[in-house]
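Here's the structure we're looking at; comments come further down.
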Amino acid sequence: MSGELLINVTPSETRVALIENGSLQEVHVEREARRGLVGNIYLGKIIRVLPGMQAAFVDINLGKAAFLHASDINSKLIVKEESSNHDQVPDIRNLVHEGQYIVVQVVKDPLGTKGARLTTDITVAARFLVLMPNASHAGISQRIEDPKERNRLKSIVTPYCGEDHGFIVRTAAEGAGTEELQHDAEFLRRVWTKVIERKQRKQTKDPIYQDLSLAFRILRDFVGVSLERIRIDSKLTYEQLVEFTTEFVPSLAPVIEYYPGERPIFDLFDVESEIQRSLHRKIELKSGGSLIIDQTEAMTTIDINTGAFVGHRNLEETIFNTNIEATQAIARQLRLRNLGGIIIVDFIDMNDKDHQRRVLHSLDIAMARDNVKYSISGFSALGLVEMTRKRTRESLEHILCGECEVCHGRGYVKTVETVCFEILREIVRVNRAYDADKFIVYASSSVSESLINDEYHNLAELEVFIGKQIKIQTENMYNQEQFDVVMM
Ligand SMILES: [Zn+2]
């Protein structure tokens, strides 16, 4: 597999697109506002010890002092610890003293008047592994259950453990290739060496390690994938990435390019409009058929429809071809939208067993192009294909969209007619309950227009029936389902 990365950087957002065979395959988005300090490692200075609170204030050059509780201090690190009481947290005064330099990691961002919360239990995470400085072995995530897989992972990672660092193999590593895991281990070891260096240099102005931002993380994660070219539209990020890769991912340094183009970088390969399309329910197939993709909390369902059959003599052949084309589109959309969990595919019904088998095979081949773990079951009695795809990041839809304020996820809104009738009923109800002289209805422009025109008769009849005047007022801020009936 070989591809190209396009990186679009703005002060508030970084987006990365992976292009393979000339078309967009993956999109990654990170918004600056959501990035905090969690994970950053600092060489801090203890500025005050608070025995009553069993805590210390630590200066990590953030303006506000950060907070370190005694229970978050790894006592192995502290030489002068003399407590023999195992159950109790040792006295903070025996752990640290004012003026002491200490390596700390942020576990909670500063909030309001509260400073950041720190720990001395440092960990550095990559895609598959977490480096643990205070360990010397390889631990495997409990969520990887298969004993054979656990052994395989352990044997790959153990050689990279050292006296002053071990690794935890994350759940995401299940099924990952040997080379990918080795790259991760090597990367983390290089990072750790840097941290130690900076600590010895007494670097206190900047963090000695900063959790990677998206562009860097992506390059770290693409180690081992052959990328022909990486283009970035920000000069500054370009320079930083060259520096970063030269240091940590040397294989990628030569393919990084600055993109100064007049055209927005995401106009290349039609990336911007592909992203827009990937938020639609419906995807058109070249043959004229289409896919309808629905994401619910429990699962994703994909329905395949044929186009018009005009000009096709052989219906069965057309159905088969549409289903085959759909398998490619399904795999691509699952990856692009980053949909995980249970996926139910409703192919167009095929009676021919051989056709069914070939469709499953084609789906399998298309899915295999992606690195994410998946499984496909055969056709069920109802003709559905059940599959799973490992959840990794959040889906693109969840990153870019929120619930619709009008329909709240229903996907439909009440018709203008339905809302008009609701309003007429509401007037009757209010009129019975209260003593009003007249009514004013506030409604969206489409509803108030309909009340004045289409529903004119009903409205006039109601006025006669209750013997009161009803005024209609357009409220431009209201959506179609919103209205108010006000008494005067
Ligand atoms: Zn809606």
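The values are calculated or read from the model by the stated rules, or taken from the named source; none is laboratory data. All of these numbers come straight from a predicted model, not from anything done at the bench. Glycine also receives a Cβ, built like all others from the backbone with ideal geometry; neighbour counts cover every protein chain displayed. Calculation scope for accessible area: heavy atoms of the full protein, side chains included, ligands and nucleic acids excluded. Shrake-Rupley method; radii C 1.70, N 1.55, O 1.52, S 1.80 Å.
For the residues 478, 412, the requirement of being surrounded by 14 or more Cβ atoms within 10 Å (Cβ to Cβ), within 16 Å of the ligand (Cβ to nearest atom) and among the hydroxyl-bearing types (Ser, Thr, Tyr) singles out 478.
Look through 63, 52 and report the one residue that is part of a helix (DSSP H, G or I) and out of contact with any Pro (no Cβ under 7 Å at 6 or more places or on another chain). None of the other options fit; the residue is 52. Of 27, 58, all but one fail to be closer than 28 Å to residue 260 by Cα and of a type in the set (A, V, I, L, M, F, W, C); the exception is 27. Filtered by the rule that a residue be within 21 Å of the chain's Cα centre (by Cα), of a type outside the set (A, V, I, L, M, F, W, C) and within 22 Å of residue 105 (Cβ to Cβ), segment 16-45 gives 30, 32, 34, 35, 36, 39, 40. When we screen 190, 231 for residues that are assigned by TED's automatic domain parsing to the domain that holds residue 8 and of a type in the set (Lys, Arg), the only hit is 231. Keeping to segment 415-451, report how many residues are within 16 Å of the ligand (Cβ to nearest atom) and either without any contact (Cβ under 8 Å) to a residue 60 or more places away in the chain or exposed (fewer than 15 other Cβ atoms within 10 Å of the Cβ) (or both). Residues in segment 415-451 being within 16 Å of the ligand (Cβ to nearest atom) and either without any contact (Cβ under 8 Å) to a residue 60 or more places away in the chain or exposed (fewer than 15 other Cβ atoms within 10 Å of the Cβ) (or both): 4 in total. Within segment 367-375, does at least one residue satisfy the condition of being in contact (Cβ under 8 Å) with a residue 12 or more places away in the chain and within 16 Å of the ligand (Cβ to nearest atom)? For segment 367-375, residues in contact (Cβ under 8 Å) with a residue 12 or more places away in the chain and within 16 Å of the ligand (Cβ to nearest atom): absent.
When residue 364 is tested against (1) within 16 Å of the ligand (Cβ to nearest atom); (2) surrounded by 12 or more Cβ atoms within 10 Å (Cβ to Cβ), only condition (1) is not met. Listed conditions (1) within 12 Å of residue 287 (Cα to Cα); (2) surrounded by fewer than 21 Cβ atoms within 10 Å (Cβ to Cβ) are all met by residue 319, apart from (2).
To keep it simple, each residue is scored yes or no on (1) at positive phi; (2) touching a helix residue (DSSP H, G or I) at 6+ places or on another chain (Cβ under 7 Å); (3) in the same structural domain as residue 341 (by TED's automatic domain parsing).
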position: 208; (1), (2), (3): no, yes, no
position: 256; (1), (2), (3): no, yes, no
position: 268; (1), (2), (3): no, no, no
position: 296; (1), (2), (3): no, no, yes
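Here residue 291 does not fit the description of being assigned to a helix (DSSP H, G or I) and over 22 Å from the mean Cα position of the chain (by Cα).
Remark: residue 264 falls outside the filter, which requires a residue to be open to solvent by 20 Å² or more (accessible area, probe 1.4 Å), more than 19 Å from residue 193 (Cα to Cα) and in contact with a Lys or Arg (Cβ under 9 Å, 6 or more places away or on another chain). Only a single item in (1) of a type in the set (Lys, Arg); (2) free of Cβ contacts under 8 Å to residues at least 12 places away in the same chain; (3) touching a helix residue (DSSP H, G or I) at 6+ places or on another chain (Cβ under 8 Å) is not met by residue 201, and it is number (3). Any idea which of (1) in a loop (DSSP other than H, G, I, E, B); (2) without any contact (Cβ under 8 Å) to a residue 40 or more places away in the chain; (3) in contact with a strand residue (DSSP E or B) (Cβ under 6 Å, 6 or more places away or on another chain) is the one residue 339 doesn't satisfy? Every condition holds for residue 339 apart from (2). Counting the residues of segment 46-62 that are over 21 Å from residue 90 (Cβ atoms) and open to solvent by 10 Å² or more (accessible area, probe 1.4 Å) gives 3. Within segment 163-181, one or more residues are out of contact with any helix residue (DSSP H, G or I) (no Cβ under 8 Å at 6 or more places or on another chain), within 30 Å of residue 60 (Cα to Cα) and surrounded by fewer than 15 Cβ atoms within 10 Å (Cβ to Cβ). Residues in segment 367-380 that are assigned to a helix (DSSP H, G or I) and either at pLDDT below 85 or open to solvent by 70 Å² or more (accessible area, probe 1.4 Å) (or both): how many? Number satisfying all stated conditions: 0. For the residues 33, 65, the requirement of being more than 24 Å from residue 131 (Cβ to Cβ), surrounded by 13 or more Cβ atoms within 10 Å (Cβ to Cβ) and either small (Gly, Ala, Ser) or at pLDDT below 85 (or both) singles out 65. The set of residues from segment 377-399 being away from the ligand (no atom under 16 Å from the Cβ) and among the charged types (D, E, K, R) comprises 386, 389, 390, 391, 393, 394. Going by what's in this entry, would residue 486 be described as over 35 Å from the mean Cα position of the chain (by Cα) and within 16 Å of the ligand (Cβ to nearest atom)? Answer is no for this residue. With respect to the stated conditions, residue 402 fails to be on the phi > 0 side of the Ramachandran plot and within 16 Å of the ligand (Cβ to nearest atom). Only a single criterion out of (1) open to solvent by 30 Å² or more (accessible area, probe 1.4 Å); (2) in contact with a strand residue (DSSP E or B) (Cβ under 6 Å, 6 or more places away or on another chain); (3) in contact (Cβ under 8 Å) with a residue 40 or more places away in the chain is not satisfied by residue 469, namely (3). Here the strands (runs of 3 or more DSSP E) wholly within segment 381-488 that include at least 1 residues being closer than 30 Å to residue 18 by Cβ and touching a Phe, Trp or Tyr at 6+ places or on another chain (Cβ under 6 Å) are 385-389.
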